[in-house]
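The values are calculated or read from the model by the stated rules, or taken from the named source; none is laboratory data. For clarity, every value in this text was computed on a predicted model and none was experimentally measured. We place every Cβ from the backbone using ideal geometry, glycine too, and count neighbours over all the protein chains shown. Protein only, heavy atoms only, side chains kept; ligands, DNA and RNA dropped before computing areas. Shrake-Rupley method; radii C 1.70, N 1.55, O 1.52, S 1.80 Å.
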Amino acid sequence: MKIISANWIVTCDENNRIIKNGAVVFDDKILEIDTLVNIEKKYPNIEILKLEENSVLMPGLINSHVHLEFSSNTTTLKYGNFMSWLNSVIKSRDDLINKADKKLISTKLDRMKKTGTTTIGAISSYSFDMEPCVKSPINTVFFCEVIGSKGDMVDTLFADFKDRLNNAKRLKSKNFIPAIAIHSPYSVHPFLVRETLNLARAENLAVSSHFLESPEEFSWLHKDEGSFLDFFKNFLGQEKAVTKPMEFLNLFSNIKNLSFTHCVEASDVDLEKIKDLGASINHCVTSNRILNNSKLDLSRLKDIPFTIGTDGLSSNNSLSMFDELRNVLMIHSDKNIVDFSNILLKAATSNAANALGLNKGKIKKDFDSDMITFTLPDEVEDMDDLAMQIILHTKFMDKVIIGGEFV
Ligand code: MCF
Ligand code: FE
């Protein structure tokens, strides 16, 4: 049993409780949370780790969507338009993937930890990132990706996918959880979607899919036209989309931990369906800005919970969740900055834990002890401003605790 105290404890619980001069008692789970005065009285013989002036203790951040295999990209890929990006990915993919060796991916994971991330939803196309994820103290929900729209390839692709998933299942542990990623409605044959989702249901695996990221994807899926038409004709000899958006969404019934990434161009009926499926939306604000000059209209989500993802370095200049949170705050300039900051801290913790099916994301009794500590540059006068000041000023952690251990 350990005890830690901080000037501010941000619980990210249902009531948005913040405790001034608080303390947390924990082992691998949170045991108790109260003011420092009360905890000192109750546990007079246990040493308390007292953090310095202006310290904050909060749940570790959860990056719900990241492609680590694209970690070597900095200045190679084309930005500003989805088709240009996609063509540049096709052109440079092999080089980028080869450059992102295990050592590079481990370095990126270590930096993510130092910037406050304690859990990731890793979208893995080839499983080249599996070993670094297994070795990292960061919790990983490891989404093995299925991709391929050509009818005559589905058996081979499904077999390859099952191999990767089985390898991931062999390494399953408390902090490495196998899951399934469907790449997107335009790139995955409905047969593959149906079969992989049956696996997810049978084995209770979390599922995530990219969905309606770009206007080009919208035109292709709804009308079989636009720049995707040339792309599919040239590369795959395909003239029609393999599925309509609603047909695609209809396949996802009865998946317990389900999320859709981007959804910028999703229609109101699509969003209604996503809500009925009980799914969450992974919001990747930097990626949307960089690839499509667009942003998700959060007011259209209504009751759909959203989470925050950096996407990969293929569509971001940083994998730090605090960098990403600052971008979300700046891009959604129509929102009240104080209120929105509170919403964002919850999106990056408890919402993400729910989406991934984890007992994390809150400093609350019986939740996993994944916590981060850092120091604000000065005093915060008004408790209501705390979330905003945290997002504006935080870059590196003082301490990171995962599963009750200092890592
Ligand atoms: O989320 C971004 C943009 N949309 C789609 N795919 C990816 C993203 N970042 C990386 N990808 C990967 C995807 O997992 O790109 C590959 C897939 O394996 C090629 S197809 C765009
Ligand atoms: Fe992505």
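What the table shows:
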quantity: Ranked by how many other beta carbons lie within 10 Å on average, peptides 358-366, 333-341 from highest; calculated: 358-366, 333-341
quantity: Rough spin-label spacing in nm, given labels placed 7 Å along Cα→Cβ, for residue 395 and residue 74; calculated: 1.7
quantity: With every protein chain in place, the chain: carbon and sulfur % of accessible area (1.4 Å); calculated: 48
quantity: GNM result for the chain, Cα springs below 10 Å: residue of 394, 75, 349 fluctuating most strongly; calculated: 75
quantity: Accessible surface of residue 201 - all protein chains present, 1.4 Å probe, nearest 10 Å²; calculated: 80
quantity: C-alpha long axis of helix 321-331 to longest principal axis of the chain, angle in °; calculated: 70
quantity: Unit charges at the beta carbon, dipole of the stretch 61-356: most positive-side option, 196, 133, 179; calculated: 133
quantity: Signed unit charges on C-beta, dipole axis of the stretch 61-356, positive-most listed residue 206, 232, 271; calculated: 206
quantity: Between helix 82-99 and the chain: long-axis angle, C-alpha atoms, 0 to 90°, nearest 10; calculated: 70
quantity: D (Stokes-Einstein, µm²/s), Kirkwood Cα radius, the stretch 303-407, 1.567 mPa s at 4 °C; calculated: 87
quantity: Out-of-range pairs (alpha-carbon distance over 21 Å; input 244/302; 113/275; 244/346; 174/360; 244/273); calculated: 244/302; 113/275; 244/346
quantity: Partners for residue 162 among aspartates and glutamates (Cα-Cα distance below 16 Å; same-chain residues under 8 apart left out); calculated: 145, 195, 203
quantity: Solvent-accessible heavy-atom area per residue, rounded to whole Å², over the stretch 61-356 at 1.4 Å; calculated: 39
quantity: Heavy atoms of residue 402: accessible area, 1.4 Å probe, square angstrom to 10; calculated: 20
quantity: Fully extended contour minus Cα-Cα distance, from residue 407 to residue 126, at 0.36 nm per residue; calculated: 98.4 nm
quantity: Rg to Rh, two decimals, where the stretch 140-213 supplies the alpha carbon set and Rh follows Kirkwood; calculated: 0.97
quantity: Separation of the residue 171 and residue 107 label points, Cα + 7 Å toward Cβ, nm; calculated: 2.0
quantity: Separation between Cα centres of the stretch 236-264 and the stretch 14-60, rounded to whole Å; calculated: 44
quantity: GNM result for the chain, Cα springs below 10 Å: residue of 313, 49, 271 fluctuating most strongly; calculated: 49
quantity: The stretch 61-356: C-alpha gyration tensor shape, a/c 1.5 cut-off, then a/b vs b/c; calculated: rounded
quantity: Acute angle (nearest 10 degrees) that the helix 227-236 long axis makes with the longest principal axis of the chain, alpha-carbon atoms; calculated: 70
quantity: Convex hull of Cα atoms in the stretch 83-203, direction-averaged projection (nm²); calculated: 8.4
quantity: Pairwise centroid distance, computed over Cα atoms, of the stretch 313-387 with the stretch 161-179, Å; calculated: 28
quantity: Student exercise, the stretch 61-356 dipole from Lys, Arg, Asp, Glu Cβ charges, in Debye to nearest 20; calculated: 980
